[in-house]
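No value in this document is a laboratory result; all are computed from the given coordinates. Remember, it's a predicted structure, so these values are computed and weren't measured experimentally. Because the Cβ atoms are built from the backbone with ideal geometry, glycine has one as well, and the counts that use them run over all protein chains shown.
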Amino acid sequence: MWGLRAPQKGNMKDKIITIKPKNITQKQWVNFLLELNLMKKAWKPYGVDVEIKAPGLKKTILWGTKIGGQISEQGFD
């Protein structure tokens, strides 16, 4: 029978990508992590679960996704 079928999660192998940015500033690093997080959120509805591992990732995403007043309330200013 021909047609489209949704892939079964049990049969799929994990794909691994290693990215090593060279000569990146701290500001560029923060923006890079936030962009990867946006990509992760964008692909979630399509069933793609992206796992990101990086030093300072959790703190960076927590700080980078705050809205104006939330930053000053947390003492990040």
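Could you give the Stokes-Einstein D for region 19-66 in µm² per second, using the C-alpha Kirkwood radius, 20 °C, 1.002 mPa s? For these conditions, the coefficient is 186 µm²/s. Counting beta carbons within 10 Å around each of Trp43, Trp63 and listing the fewest first gives the order Trp43, Trp63.
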